Each structure stands twice: as C-alpha cells, then as structure tokens.
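These notes are about the structure you will find just below.
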Amino acid sequence: MKWKGRQRSSNVEDRRGKGSGKAIAGVGGGLGLIIVLIITFLGGNPEDLIGNLGVTDQSNSIPYEETEQEKELAEFVSVVLADTETVWTEIFQENGLQYIEPTLVLYTNSVNSACGTAGASVGPFYCPGDHKLYIDLSFYQELQEKFHAPGDFAMAYVISHEVGHHVQTLLGTTEEVMPLRQKLSEEEFNKYLVRFELQADYFSGVWAKHAQGMDLLEAGDLDEALTAASAVGDDTLQKQAMGYVVPESFTHGTSKQRKSWFYKGYENGTIEGGDTFNTTSP
Ligand SMILES: [Zn+2]
C-alpha cells in the first residue's frame, strides 16, 4: 500500500507500555454484559479473554520506547485509519448519514476498555461501548508467522475489519444482534455472529475498493487481504488448533466465506449489497 508520508489520523491513542492499570476483580455477575459487548477479531472463548490478568500498574510517565519497526507500523495503521475516515465519511454522507470517527488505541500486553480488560492474546478488538478499536501491534508479527498472512495490506484488512464493526455500530446493527445472545442458544446465536462478522469483512472490502479508487493499492495488496481473510476463517483456525472442525461453534465464518464477503464488498464498494443476514449467499 502507498502510505509513506501521507496524512495520519489524529484519532490514535497511544497507550503502549502503560499496562491496563488495574485488573477486573471477580469474574462474576457483571461479566455477562462485558462478553456481549466485546467484539474480537479472532474467535475464542470470551472467558479466556477478559478477567483477572494480574497486571500491575506501570508508571505512566515513562514514554514507550518503540523499535524502528514498531514506529513504522504505528505510522502505517494511523494512515490506514485516516483513509477509513475519508472513505466512510463520504459513504455515510452519500446515504444521508453522519460518520462519527472511532479512536484507535495502541497498547501492549493488556488494556482497559469500556468492554472490560483484555490481554494481547485476545487479538485486535472493537468495543462498541466506547467506539474504540484496540490493537497490540505485535499482531502484525502474528499475522506473518502464525497465520502466514504477510504484508502491509493484511494489516490494513485487520484495521478496516474492526472499523467495519464500528460502522455496524453506527448503523444500529450491533445493537440489534448482540442482545440475541440472551435470547438464543449458543449454537443459534453463533449463526448470527458469523453473519455479523462476515458483514465486517464486507465493509472491509468496501473500504479496500475506495482505497483502490484513490490509487493507494500496490500490486499484491488485494491478495494480501484475501490471504489474511482466509487465514482467520474458523475452519482453518480450528483445524490448526485442534485438528478438527466444529461448525456449530463457528463465530466468524469459514475461510471461504470470509474471503468471498470481503471480495463482494470490494466489488460493490457500497453499503448496499452487504446484508449478510438476509441473503442466499453462503
Ligand atoms: Zn470481527
């Protein structure tokens, strides 16, 4: 992606090196709400993600010492965020809506959000409660090494997917889907979650289409995003982790679904066509 020297977003909150301050005490009563609200990039059991991390408060006065690579990555995600602001502001305007820009929080190890405390093992996530995207930049390394999805545009896909969840929140979809968790069996709710996640992939593709229209893509970028979308499919992740697949437990969709909804968004470039809930497409 052509990003060097371009406009960066002013909506980046750098909390690297600061720890989460305090861990949430007691994994009891209030947790239900937290689980409902946190939207993680990768599946996994939410109870593994939130809770007592035993993190101690580190001094806020020491600035985080970033490596050259981390510095470059932080710049990169900031430029991508700015591009999502440009694109979604325009698309919302065309639909008579107003886009409210989200904040991107960079953190290391663990972080407090309105959705609870999370460790980096959660992977990137979005919290509808505070309109913030949370990412530990070490995920870039993970994309390359663990998911075999290298390249800057793989990371751009991750950011724009999380921004997709923000778009869903502004459009009211998050508010419609999340309460179903209380009403449905886990298996039934997972089906909705998959459609919800596929829509975030679709919106990510919508953004990529506009980025291409702004002549920001380089050869291979689209493939990097498609490879990443495929790499984080539930079936692929489960096969790697357990050696087998449990479709009832899918929360994000198969590799094929994720790839194809991203690509649909890329082809259309509009909100229209992204109703992953009422569709005959897989
Ligand atoms: Zn997601």
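The values are calculated or read from the model by the stated rules, or taken from the named source; none is laboratory data. Since this is a predicted model, take the numbers as computed values, not measurements. Counting neighbours? That spans all protein chains shown, and the Cβs are built from the backbone with ideal geometry, glycine included. The area values use the complete protein model at the heavy-atom level, side chains included, leaving out ligands, DNA and RNA. Shrake-Rupley method; radii C 1.70, N 1.55, O 1.52, S 1.80 Å.
Do you know which of the residues in segment 84-136 that are of a type in the set (Asp, Glu) and farther than 25 Å from GLU72 by Cα is nearest to the ligand (Cβ to nearest atom)?
Taking segment 84-136 first, the residues of a type in the set (Asp, Glu) are 85, 90, 94, 101, 130, 136.
Next cut, farther than 25 Å from GLU72 by Cα only: 90, 94, 130.
Numbers: GLU90: 23, GLU94: 24, ASP130: 16 Å.
Here the residue is ASP130.
Anything in segment 105-140 that is polar (S, T, N, Q) and at pLDDT 95 or above? List them, or say none. Step through it out loud before you land on a result.
First pass over segment 105-140, keeping only residues polar (S, T, N, Q): 108-110, 112-113, 117, 121, 138.
Answer for segment 105-140, where residues must be polar (S, T, N, Q) and at pLDDT 95 or above: there is none.
Filter segment 137-163 for residues that are part of a loop (DSSP other than H, G, I, E, B), away from the ligand (no atom under 16 Å from the Cβ) and not small (Gly, Ala, Ser) and give the result. Outline the logic, then answer.
Taking segment 137-163 and keeping what is part of a loop (DSSP other than H, G, I, E, B), we get 137-138, 146-151.
Among the residues that remain, those that are also away from the ligand (no atom under 16 Å from the Cβ) are: 137-138, 146, 148, 150-151.
Those that are part of a loop (DSSP other than H, G, I, E, B), away from the ligand (no atom under 16 Å from the Cβ) and not small (Gly, Ala, Ser): LEU137, LYS146, HIS148, PRO150.
Answer yes or no as to whether LYS146 is open to solvent by 10 Å² or more (accessible area, probe 1.4 Å) and under 22 Å from TYR202 (Cβ atoms). Talk me through it step by step, then tell me what you get.
Working: open to solvent by 10 Å² or more (accessible area, probe 1.4 Å): yes; under 22 Å from TYR202 (Cβ atoms): no.
Answer is no for this residue.
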*asked:* I'd like the full set of residues that are open to solvent by 10 Å² or more (accessible area, probe 1.4 Å) and over 11 Å from the mean Cα position of the chain (by Cα), limited to segment 111-138.
replied: ASN112, SER113, ALA114, ALA120, SER121, PRO128, GLY129, ASP130, HIS131, ASP136, LEU137, SER138
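Taking helices (runs of 4 or more DSSP H) that do not extend beyond segment 192-282, which have at least 3 residues that are without any contact (Cβ under 8 Å) to a residue 24 or more places away in the chain and open to solvent by 40 Å² or more (accessible area, probe 1.4 Å)? Quick ask: steps written out before the conclusion?
Values: elements: 221-231, 234-242, 255-268.
In segment 192-282, 234-242 are the helices (runs of 4 or more DSSP H) which contain 3 or more residues that are without any contact (Cβ under 8 Å) to a residue 24 or more places away in the chain and open to solvent by 40 Å² or more (accessible area, probe 1.4 Å).
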*Can we say LEU198 is within 16 Å of the ligand (Cβ to nearest atom), more than 14 Å from LEU42 (Cβ to Cβ) and under 15 Å from the mean Cα position of the chain (by Cα)?*
yes
